[in-house]
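Colleague: First the structure, which I've put down as structure tokens, then a few questions once you've had a look.
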Amino acid sequence: MNTTNNNKNTNGSKPKKPHKLYEFKFKLSFKNFFVAIFIAFVVFSLIISYSETIDNTDQKPLGDVIVDVRDGKVAKLIVEDSKVTAEYKDQTKVEAQKEPQDSIYTMFEAARVDPKLVTIEIKDTSGSAAFWSLVANLLPVLLLLGVFVFFFRQARGAQDNIFSFGQSKARLFNKDNPRVTFKDVAGVNEAKAELEEVVDFLKHPGKYRALGARTPKGVLLVGPSGTGKTLLARAVAGEAGVPFFSMAGSEFMEMLVGVGASRVRDLFSTAKKNSPAIIFIDEIDAIGRMRSVGVMGGHDEREQTLNQILVEMDGFEPSTALLVVAATNRGDLLDPALLRPGRFDRRISLDLPDIEGRKNILAIHARGKPFSKEVSWDKAAKRTVGFSGADLENMLNEAAILAARHNKKEISMHDLEEAATKVKLGPEKKRLQTDLDKKMTAYHEAGHAVVTHELPHMDPVYRISIVSRGMALGFNLIVPSKDRLHLTKSQILEQITSMLGGRAAEEVVFDEFTSGASNDIDKATELARDMVLEYGMSSLGPVNLGPHIDYTDSGNAYMEKATLSPEMLARVDREIEKILDTAYKQAVAIIKKLRKNLDKVAAELITKETIEGEDFEKLMGFPKKAYIPASSKK
């Protein structure tokens with residue numbers, strides 16, 4: 001006897017999965033009950049209206065029907081309350097109306113017609129009529145009552161919301177949430193080392209208390225945007241395995257006075273109940289700015305919220321295992337009372353990652369993405385000097401999107417290069433340009449590149465392009481060969497000269513100026529002003545002539561402009577003019593000296609629109625001058 005497998009069809013193929021049936025769930029509540037009644041009323045009204053519309057039975061006066069009964073044309077009469085249906089012997093039907101209180105027999109008697117000439121059937125509809133009459137009368141009352149109760153509950157809910165304004169809106173992240181650990185953070189090794197001690201405090205508070213040490217009450221993370229402050233805070237919570245309450249500084253503020261302070265109290269009360277725990281306040285400068293700065297008094301909502309934070313942090317008991325972690329990129333604006341030991345005991349600065357840090361960050365964010373074998377992570381790390389951790393993550397994401405757009409299976413080095421340029425300068429824009437505009441842009445960008453190549457302190461040109469990105473018609477990409485902590489006077493002067501190289505090329509080639517150099521002039525002037533006012537790199541000597549911040553005895557801070565005499569202001573202007581004039585003359589001299597090389601680079605740009613650093617070196621015909629320190633010269 002043959003048997004068949006129930007899991008397969010007779011042709012050996014797998015059976016199709018049955019279609020998933022959608023399950024209808026009805027949650028019983030007053031709102032749903034009210035909606036159901038309303039829908040039933042509407043459906044009932046539509047049914048009655050529709051039934052009356054499709055009822056196409058002929059209408060006839062009752063007197064005429066009685067005459068037809070006398071003439072023997074009617075076989076049967078059906079009486080339902082006020083409606084009388086006459087069934088004729090020729091199979092037709094007509095309807096007639098009578099008063100509900102009148103008897104059909106009385107009407108026959110008044111018309112002197114014998115009722116026995118027709119079969120009369122009387123239907124008793126008093127019960128159903130009474131029911132529908134009751135429904136018709138009660139349903140509007142129920143709907144009105146439902147509307148009243150609905151608005152009453154809404155008003156009550158609004159009243160409850162008023163009293164819930166003071167409750168904290170902090171989000172709780174615990175071990176059930178996706179866990180972030182120190183393995184997911186890179187490029188900030190010093191900050192990680194500091195926070196590892198904090199984690200050990202939370203895990204093993206006993207060994208520190210035995211030596212008389214107390215748990216740090218607060219840790220302040222200060223650094224530029226995108227350096228991983230929030231990620232570090234979550235990593236602390238993930239490593240310690242404790243509840244993590246996260247709230248932004250702006251979420252404490254509300255239109256009602258006293259709400260911010262109330263939310264602070266509620267947040268710390270909730271965190272203490274879940275101790276050991278971590279409270280993370282992101283962008284704390286929204287509520288932690290210096291008090292009584294300017295004309296604003298000391299009783300505004302922000303200051304009351306800050307005062308409550310100060311009280312809560314200073315009121316910890318020694319046994320309370322509660323840590324406050326705050327993050328800001330404007331640490332200079334915070335109130336001194338918030339920064340003192342006993343509140344924020346540790347201040348950890350986060351900087352942009354160095355080359356090793358960028359390699360580690362790229363390795364973390366490259367997980368789960370297919371890369372081709374040609375990808376060089378060392379080159380990618382050198383290429384991304386000045387990128388933050390967020391920039392690097394965005395770069396890899398843009399590279400993956402670019403590869404997918406071109407239907408690639410792997411992400412190539414070209415995709416990474418294009419993504420890095422897009423993150424910093426924006427996407428390519430195809431703008432219509434005349435031949436003259438294109439030629440002017442090419443010579444302008446070639447002027448920057450040629451001057452940069454000739455200056456010994458400048459880094460090599462990485463890429464030149466006349467493809468528009470952002471607001472710029474073209475760009476020179478100069479990637480620093482190494483991470484620098486300081487800039488010397490010679491380096492700053494050469495940067496200014498390089499910025500003015502485009503304007504110099506316009507003058508030498510076209511004997512004309514264009515508006516395309518406005519951004520270059522703005523940045524060059526800003527650098528020259530900083531050299532004179534802040535860096536002390538001019539003949540005025542090492543004196544800071546720029547604005548400064550004064551702190552009073554109470555800790556308040558005031559921004560004050562430097563008080564300069566008219567004579568000193570004139571000297572400052574002359575020094576700035578001298579720096580810019582010297583740099584521009586040097587740029588013009590380099591352009592005139594290397595005019596043939598300038599023409600080659602510009603012609604190549606007009607043809608190809610983009611030139612890579614290696615091809616630019618070949619066009620120049622000689623290697624870039626190497627910088628030789630003065631101490632090495634004989």
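Colleague: Could I have the simple spin-label model distance between SER518 and ARG112, label points 7 Å from Cα toward Cβ, reported in nm to one decimal?
Modeller: 11.1
Colleague: What full-extension length gain, to one decimal in nm, is calculated for GLU190 and ILE606 as 0.36 nm per residue of separation minus the Cα-Cα distance?
Modeller: Net length gain for the segment: 145.0 nm.
Colleague: Just want the answer: with Cβ charges of +1 for Lys and Arg and -1 for Asp and Glu, which residue in TRP377, ALA321, ILE361 is farthest toward the dipole's positive end in region 304-381?
Modeller: It is TRP377.
Colleague: Strictly over 26 Å apart at the Cα level, which of LYS409/LYS618; LYS382/LYS578; LYS438/LYS593 would you flag in this model? Don't skip to the answer; put the middle values down first.
Modeller: On the way: LYS409/LYS618 34 Å; LYS382/LYS578 35 Å; LYS438/LYS593 24 Å.
Pairs exceeding the cut-off: LYS409/LYS618; LYS382/LYS578.
Colleague: Let me ask something else. Compute the projected area of the convex hull of the Cα atoms of region 432-478, averaged over all viewing directions, and report it in nm² to one decimal place.
Modeller: One quarter of the hull surface, i.e. the mean projection, equals 3.3 nm².
Colleague: Something else about it: For region 355-424, compute Rg over Rh where Rg is the Cα radius of gyration and Rh is the Kirkwood radius from the inverse mean 1/r over Cα pairs.
Modeller: Over the Cα atoms of region 355-424, Rg/Rh equals 0.92.
Colleague: Could you give the nm distance between label points at ALA404 and PHE510, where each point is 7 Å from its Cα heading toward the beta carbon?
Modeller: A separation of 4.2 nm, rounded to one decimal place.
Colleague: Which value results for Rg/Rh of region 310-372 when Rg is the Cα radius of gyration and Rh the Kirkwood radius based on the inverse mean 1/r?
Modeller: 1.19
Colleague: Still on this structure, I have one more. Once R0 is set to 56 Å, what does the formula 1/(1 + (r/R0)^6) return for the Cβ-Cβ distance between THR582 and LYS203, expressed as a FRET efficiency to the nearest 0.05?
Modeller: After rounding, the FRET efficiency stands at 0.40.
Colleague: Could you work out Rg/(2.2 N^0.38 Å) for region 433-632, with Rg from alpha carbons only?
Modeller: 1.18
Colleague: Next up: Mind sorting LEU211, LEU138, LEU231 by how few other Cβ atoms lie within 10 Å of their own Cβ, fewest first?
Modeller: Result, fewest neighbours first: LEU211, LEU138, LEU231.
Colleague: Which Cα, out of PRO115, PRO100, VAL79, lies furthest along the positive dipole direction of region 75-117 (beta carbon charges, K/R +1, D/E -1)?
Modeller: Working it through, the farthest residue towards the positive pole turns out to be PRO115.
Colleague: State which entries of LYS229/LYS408; LYS373/LYS608; LYS422/LYS489; LYS408/LYS430 exceed 26 angstrom in Cα-Cα distance in the structure shown.
Modeller: The pairs that break the limit, which is 26 Å between Cα atoms, are LYS229/LYS408; LYS373/LYS608; LYS422/LYS489.
Colleague: So, R0 is 30 Å and r is the distance between the beta-carbons of LEU142 and ILE122; what FRET efficiency does that work out to, to 0.05?
Modeller: 0.30
Colleague: Another question, if that's okay. Using 0.36 nm per residue, how much length does the chain from LYS489 to GLU80 gain when fully extended, once their Cα-Cα distance is taken away?
Modeller: Gain on extension, LYS489 to GLU80, equals 136.2 nm.
Colleague: Tell me which residues come under 5 Å, amide H to amide H, from ALA75 once H is placed; ignore anything under 5 positions away on its chain.
Modeller: Residues meeting the criterion, in which the H sits 1.01 Å from N, are GLU87, TYR88, LYS89.
Colleague: Suppose each label sits 7 Å from its Cα in the direction of the beta carbon; what would the ILE364-ALA36 distance come out to in nanometres?
Modeller: Label at ILE364, label at ALA36, 5.3 nm between them.
Colleague: Please report the spacing between the Cα centers of region 464-489 and region 185-223 in Å, no decimals.
Modeller: Distance between centres, Cα-based: 39 Å.
Throughout, read-outs are computed from the coordinates displayed, never taken from laboratory work. No experiment lies behind these values; they were computed from the predicted model shown. Reconstructed Cβ throughout: ideal geometry from the backbone, glycine too, with neighbour counts over all protein chains shown.
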